[in-house]
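Let me begin by presenting the structure, written as structure tokens, before commenting on it.
The values are calculated or read from the model by the stated rules, or taken from the named source; none is laboratory data. Since the structure is predicted, the reported quantities are computational estimates derived from the model, not experimental observations. Cβ atoms come from the backbone with ideal geometry, glycine included; neighbour counts cover every protein chain shown.
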Amino acid sequence: MSALGIIAGGGELPLAVAQCASDMGRSVFVAALQGIAREDVARFSHAWVSLGETGRTLSFFRQHDCREIVLVGKVARPRWTDIKLDATAVLKLPKVISAARKGDDALLRSFVEILEGEGFRVVGVAEAAPALLAPEGYLGPHRPSQQDEMDIARAIQIVRALGSLDVGQAAVVCAGLALAVEAAEGTDAMIGRIITLPDKIRGTPEKRKGVLVKARKATQDGRTDLPVIGIQTVENAAAAGLAGIAVEAGAAIIVGREVVVEKANAEGIFLLGFPQAA
């Protein structure tokens, strides 16, 4: 088996993918994005690269016999004028900028096409690190109320609609009312807005209600941008008074599942993996 190449953005996910692949007996090489990826990627075979060093990054992957590449981690949309481009990047830039004008999903697809055009196979987390995917069913002892179940169904409808427009992957619904939807700010910031709302329309840590739902966009390539939750998600949901979190089973990632479940149990929050859309 060839080594797995990882283009690492920010957050814990690149580390989790690298560790999972290593635990499966596969060697990994991490191209860590300078100023974005976490410093502790250094525990894996790695090199630091900038966003504009396309040729150098591809060269590293070839040197380390990486035939399959996974793109993981948070990367804010760059200001093109701030990026120093190598010769390979200059050649690819017009295509990338054209895709960027069409939205984040199109931008990610353009990166996939560039990598595959250079002879690499782009894989998703589902293939590179399947143990990170959310399973179907409940994780932990807590269960949703009848109202929570109706809120989950409503939130799934909202997230599907958001995804079809390439807007976001998450929504919070409480007693049938949409309290927040995710856009460019990300899930943590979206949940943070809920705390500023009046108690009469949301839950509290003393009387929990409302649910967070995350699901993959219908328009997106599952190899590049699956929904993710982790310990921070649970802590934020608990602080916002939510009753639970539901994610799309097999199409969402749980980083640090054991500690996430433990924290949810301690806070009295349910965790649910709901079935993928037919």
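Here are a few things to note about the model shown:
- Unmet requirement for residue 169, which otherwise passes all of (1) buried (at least 20 other Cβ atoms within 10 Å of the Cβ); (2) among the polar types (S, T, N, Q); (3) under 17 Å from residue 242 (Cα atoms): (3)
- For the residues 226, 242, 197, the requirement of being crowded, with 23+ Cβ neighbours inside 10 Å and more than 15 Å from the chain's Cα centre (by Cα) singles out 242.
- Filtered residues of region 5-52 (kept if of a type outside the set (A, V, I, L, M) and crowded, with 22+ Cβ neighbours inside 10 Å): 5, 14
- Among the residues listed as 162, 179, the single one being part of a helix (DSSP H, G or I), among the hydrophobic types (A, V, I, L, M, F, W, C), in the same structural domain as residue 212 (by TED's automatic domain parsing) and surrounded by 19 or more Cβ atoms within 10 Å (Cβ to Cβ): 162
- Qualifying residue in region 179-188 (condition: under 20 Å from residue 240 (Cβ atoms) and over 18 Å from the mean Cα position of the chain (by Cα)): yes
- For region 227-271, the set of residues classified as farther than 16 Å from residue 216 by Cβ and in a strand (DSSP E or B) consists of 244, 270, 271, listed by residue number.
- Between 17, 30, 41, the distinction of being modelled with pLDDT of 95 or more, assigned by TED's automatic domain parsing to the domain that holds residue 121 and part of a helix (DSSP H, G or I) belongs to 17 only.
- Here residue 62 meets each of (1) assigned to a helix (DSSP H, G or I); (2) closer than 22 Å to residue 113 by Cβ; (3) touching a residue at least 40 places away in the same chain (Cβ under 8 Å) with one exception, condition (3).
- Residues located in region 182-195, provided they are within 20 Å of residue 269 (Cβ to Cβ), without any contact (Cβ under 8 Å) to a residue 60 or more places away in the chain and not in a helix (DSSP H, G or I): 182, 195
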